[in-house]
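Chemist: Pasting a structure below so you can have a look.
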């Protein structure tokens, strides 16, 4: 069993807020992250899968394939987008890094499973000082 | 003469577009950076000043002072903001990295001069792959 | 269960030595790290906590709260200090990265528990080439 | 139990291919990584060991010792070398990052065990976007 | 006048040697970099151009255009290649970082000039510890 | 003319203070950097030289030679040392980054000149947020 990780990046706008709260309450809970006019980040996404080596290729899986899946299922939907408004898999969810990591996991999981490997971790940096990791709901 | 540089960071939303162009024309010229619902970045700002050493302190200037100026004049105005809508010194300007670096220079210059040193360079990273540098209009 | 990590930094002096050994013995065991006149590092500290998401906020915990705890309990005590002499929670301990990580864990644990989340890992970089990780004594 | 990690680096040439396949088949499976004239990387290697603290030194182990082992058993054999042709412990194996990480684990394991600590992880970066981790065959 | 920089990366094999010298002489002068079986690097290339802002776009130039030129004229020719054998613009030259940076400058210059901006600097990292910069022969 | 840069690192303790001032005055001017029990940093040093290429080697100079000079004249004297107390070339000077960069320039200059190249810049990072650059007194 070997773990292999691919890094991809995306730049997006978002806002932390609950629509049923007014701006004052949102500001109290979410601070400047609730700015009604949005702010944004250069997100860094690390996707780790694990599996046995294919003896023919010496690969867990072909990283080009993993990169293609991440690009198709995630990056094309979030890069240069507004996470709150434009990302189908984030509809109805608070645009926190935690929720974003879980949603990315759920988007990737069916595609990763088809490759015959296990999805191990979705790690998402919001800034150089803050990141989240999600290992699935069985963890 | 010694150069000294302070790094500060801010996270902001922006959009590249001209209001007199329609979305199609904006898309043609600015690509995905023209997304009407905004996107955003973790900007990294490096401000370099130069001057003679103060023999009492061994400093060009006290970096705490430089940091305070950058925070007050720039970071508090752009961090967790929408550059197009909310930043006074960017009103009426395209929110490109180039224009942002020039505007930051112009905001900082009067304060830096008061410290008895010269503003040498404003360097602004938009992503790990793209950055601009501005050395003033006499360059 | 989601993991979330906050990075904080501090700059400190230290020395590896045992007072019951003479300088020669200390030099033999600890090498240049035993220099009697001290040396120092820019330490990077990553604190990882884990827990269930608060459905109201989409957070494991508010990172500002985690940052405040790390600042109050750790950074204010170690930043620009001499770890051997001035840090209360390192008194009587060898100032190795291992001991420092364990002591940081023990300082943080009661505060983290109060937030209703679990402390998962304290990771401490001494240089770009060396770091330690501590996961608690049950690991 | 504390984990401690040492980073070492090496620059090497390699090629992904199977000698029983022709260049066309190799190109189909391995893409540009199969270039018959080789290509290369700045590899970054992180070796993590774990163990109890030595109460006399406050160390899991002396990092100089760990560094010496990695240098002697790995770096001197791979740095500025061709991994396919010149590295004894890679003979007969596809020069993938996965195989390289496993082989490094196997080279290091007997030496690490002698130090009275456990080898926990071999992490190998091929590029800033791709890395593998190996935790041993019991994982 | 604003400077703008684009980073691109390539992974390549090379060897430092003079064919009229034997391996011993090459080893004496070039050390392990003369290994006859090649070694390689993850090169990082920073290309800086400078010019006046286009008032319509707020750009010195469109970075997509700059990226496309670097990809077409440089990266496609050097990435996953052997610099000594396969790169047309390095034929007959020692594959040092200095010569590579100068050759990249000469390849890019005619294309950059067509965009109405000036080529300012080609900066090439061979490792995290070593890089060269070339500012043209008029410098 | 090509510029070439070598990075070296050192870990040292220091303190900013003037012995003719009391601790209170030192604290007022230098803040926490005046801590009487010292603090320390992982310094990163970038030394840039420039010159014409040697047509035989394709080098400005052999980087091993440059590294050896920096190691011998600087790193061996400052690494794991107390800059205020133990570094001959800092005696009688305030241990600011500015003074340290100038002193490093002066130590290196005679050795660099012997190699037939020019010393262009000494760049010294004290933290990831602060660095100084010195280009000599003719600048």
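Bear in mind these aren't lab numbers, they're just calculated from the coordinates by the rules spelled out. As the structure is a computational prediction, the values presented were derived from the model and not from experiment. Glycine gets a Cβ as well: all are built from the backbone with ideal geometry, and neighbour counts include every protein chain shown.
Chemist: Distance from the Cα centre of segment B:1-44 to that of segment E:74-139, in angstrom?
Modeler: Using only Cα atoms, the two centres lie 29 Å from each other.
Chemist: Over all residues in C:30-36, what is the mean tally of Cβ atoms on other chains that come within 10 Å of each residue's Cβ?
Modeler: Counting Cβ atoms of other protein chains within 10 Å of each residue's Cβ and averaging gives 4.
Chemist: Still on this structure, I have one more. Treat each spin label as a single point 7 Å out from the Cα along the C-beta direction, and report the residue A:24 to residue B:106 distance in nm.
Modeler: 3.8 nm
Chemist: Given N residues in segment A:20-131, what is its alpha carbon radius of gyration divided by 2.2 N^0.38 Å?
Modeler: In units of the globular-protein estimate, segment A:20-131 measures up at 1.27.
Chemist: Whose Cβ in chain E comes nearest the axis that rotates E onto D, and by how many Å?
Modeler: Closest to the rotation axis on chain E: E:40, 0.
Chemist: Where does the protein assembly as shown land at 222 nm, in deg cm²/dmol rounded to the nearest 500, when only DSSP H runs of n ≥ 4 count, each adding -39500 (n - 2.57), divided by all residues?
Modeler: -8000 deg cm²/dmol
Chemist: Mind checking which of F:98, F:56, F:24 has the largest fluctuation in a GNM of chain F, springs on alpha carbons under 10 Å?
Modeler: F:56
Chemist: Quantify how strongly other chains surround peptide B:94-101 by giving the mean number of their Cβ atoms within 10 Å of each of its Cβ atoms.
Modeler: Mean number of neighbouring Cβ atoms from other chains: 6.
Chemist: Also: Under 14 Å from a point placed 7 Å out from the Cα of residue C:76 along the Cα-to-Cβ direction: which residues of segment C:82-102 have their backbone N that close?
Modeler: C:88
Chemist: Hey, another quick one. Given the convex hull over the Cα atoms of segment B:27-83, what projected area results after averaging over all orientations, in nm²?
Modeler: Orientation-averaged projected area of the Cα hull: 5.7 nm².
Chemist: With the label 7 angstrom out along Cα to Cβ, how close does residue B:111 come to the same site in each of the other copies, in nm, nearest first?
Modeler: So the distances to the same position in the other copies read 2.9, 4.1, 4.1, 4.4, 5.3 nm.
Chemist: Can I ask one more? For chain C, what's the relative contact order in percent, using C-alpha pairs closer than 8 Å and at least 6 residues apart?
Modeler: Relative contact order comes out at 30 percent.
Chemist: While we're looking at this one, here's another question. What spacing in nm lies between the two simple spin-label points modelled at residue A:115 and residue E:9, each 7 Å away from Cα in the Cβ direction?
Modeler: Taking the simple label geometry, residue A:115 and residue E:9 are separated by 1.7 nm.
Chemist: If you take the square roots of the eigenvalues of the alpha-carbon gyration tensor of segment E:87-135 and sort them as a ≥ b ≥ c, do you get rounded (a/c under 1.5), prolate (a/b over b/c) or oblate?
Modeler: Since a/c reaches 1.5 but b/c is at least a/b, the shape of segment E:87-135 is classed as oblate.
Chemist: Rounded to a whole number, what is D in µm²/s for the protein assembly as shown from Stokes-Einstein with the Kirkwood radius over alpha-carbon pairs (37 °C, 0.692 mPa s)?
Modeler: Taking Rh from Cα pairs, D becomes 115 µm²/s.
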